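Here is the structure we will look at, set down as C-alpha cells.
No lab work stands behind these numbers, since they all come straight from the coordinates. No experiment lies behind these values; they were computed from the predicted model shown. Cβ coordinates were reconstructed from backbone atoms using ideal geometry, including for glycine residues, and neighbour counts include every protein chain displayed.
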Amino acid sequence: MNKGICVIVGAGPGNGAAMGAEFAATGYRVVLCARSKEKLNAIAEKIPGASTYAYDVRDTQATPDVFARIRAEVGPVGILIYNAGAGAFKNVDNSTLEDFQSAWEVNCRGLFLAVKEVLPDMRTAGKGSIIVIGATASIKGGANFAPFASAKAGQRGLVQSLARHLGPEKIHVSYVILDGVVNLQRTRQQMPDKADEFFLEPSQIAKTVLFLAQQPTQAWSFELDLRPFGEKW
C-alpha cells in the first residue's frame with residue numbers, strides 16, 4: 001500500500017527517525033532530509049523504503065534543487081513535516097546578531113522556502129498536509145531564549161498564516177508545540193538523574209503527527225501541544 005510521499009526536513013535520530021518509522025509503517029514512502037548524508041543513511045536503514053537527501057535549510061540555493069530531485073526520483077510530495085529547528089539559548093546580552101540571524105534562517109526562512117517548493121504538488125493533487133514541529137518558546141519567550149524564542153514565535157505566525165491561506169484548498173497546515181525535553185541520547189546524558197517519564201517520547205510524538213496528517217477535512221486541528229504528564233505549564 002502506497003499512501004503517498006512524506007518528506008521530513010530536519011530528520012535526526014529522535015523525532016525525525018520516529019516519524020519516519022511511523023509513516024513508513026502506515027504505508028507512506030518516506031524521504032529524510034538533513035545536513036549529514038551519513039547520519040541520514042544510518043536512520044534510513046531502519047525505515048523500509050526510505051530515501052535520503054543531504055539538505056541544509058540555511059542554504060537558499062539548495063532548496064529548489066533538493067525538492068526537484070525528490071520529485072524526479074521519488075515523486076510528488078503529499079506531506080511535508082518540517083522538523084528543522086535551531087537557536088542559541090542566550091539572553092539579549094550574551095547573544096550575537098549571528099545567533100539571532102541563524103535561528104531565523106532555520107525556523108522561518110527555511111520553512112518558507114520548503115513550503116513554496118511543495119505547494120505545486122499539493123495543489124495539483126487537490127490536497128496535502130504540512131506539519132511544523134514547534135516549541136514552547138513560540139508562545140512564551142524565556143529570558144535566556146532571545147534568538148530561539150523570537151524565531152519560533154515568527155515560525156508559529158507564519159504557520160498560522162499558511163493554515164488560513166491554504167485551508168480552502170484542502171491543504172492542512174498544523175503546528176505541534178513540544179513542551180518538554182525530548183528523550184534523546186544527549187538529553188539523557190545531560191540529565192542522568194531524570195526518570196523515563198520526565199521525557200517526551202519520540203515514538204508518541206510521531207503518533208500524534210500521523211494523526212494530524214490523517215485528519216478528515218471536516219475536523220482539522222491547527223495547533224496541538226504535547227508534554228509529559230509531569231511537566232509544569
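For this structure, a couple of remarks:
- Residue count for the range 67-113, restricted to those that are of a type in the set (Val, Ile, Thr) and under 23 Å from residue 176 (Cβ atoms): 5
- Any hit, the range 123-130, residues being farther than 30 Å from residue 69 by Cα and surrounded by fewer than 21 Cβ atoms within 10 Å (Cβ to Cβ): no
- Residue count for the range 50-70 satisfying the condition of being exposed (fewer than 13 other Cβ atoms within 10 Å of the Cβ) and of a type in the set (Gly, Ala, Ser): 1.
- Counted residues, the range 123-139 - those being within 25 Å of residue 12 (Cα to Cα) and either among the charged types (D, E, K, R) or not in a loop (DSSP other than H, G, I, E, B) (or both): 11
- Residue 138 surrounded by 15 or more Cβ atoms within 10 Å (Cβ to Cβ) and polar (S, T, N, Q): yes
- Members of the range 177-227 that are in a loop (DSSP other than H, G, I, E, B), in contact with a strand residue (DSSP E or B) (Cβ under 9 Å, 6 or more places away or on another chain), of a type in the set (A, V, I, L, M, F, W, C) and over 17 Å from residue 127 (Cα atoms): 181, 199
Here is a yes/no grid of residues against (1) free of Cβ contacts under 8 Å to residues at least 60 places away in the same chain; (2) closer than 16 Å to residue 82 by Cα; (3) acidic (Asp, Glu):
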{"position": "138", "(1), (2), (3)": "yes, yes, no"}
{"position": "147", "(1), (2), (3)": "no, no, no"}
{"position": "164", "(1), (2), (3)": "yes, no, no"}
{"position": "199", "(1), (2), (3)": "yes, no, no"}
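- Restricted to the range 27-94, the set of strands (runs of 3 or more DSSP E) holding at least 3 residues that are in contact (Cβ under 8 Å) with a residue 40 or more places away in the chain comprises 28-34, 79-82.
- Residue ID - surrounded by the fewest Cβ atoms within 10 Å (Cβ to Cβ), chosen from residues in the range 1-26 that are hydrophobic (A, V, I, L, M, F, W, C) and in a strand (DSSP E or B): 5
- Count - residues of the range 166-176 that are part of a strand (DSSP E or B) and not aromatic (Phe, Trp, Tyr): 5
- Checked against the criteria, residue 5 does not count as among the hydrophobic types (A, V, I, L, M, F, W, C) and under 19 Å from residue 185 (Cβ atoms).
- Only one of 222, 198 that is surrounded by 14 or more Cβ atoms within 10 Å (Cβ to Cβ) and more than 18 Å from the chain's Cα centre (by Cα): 198
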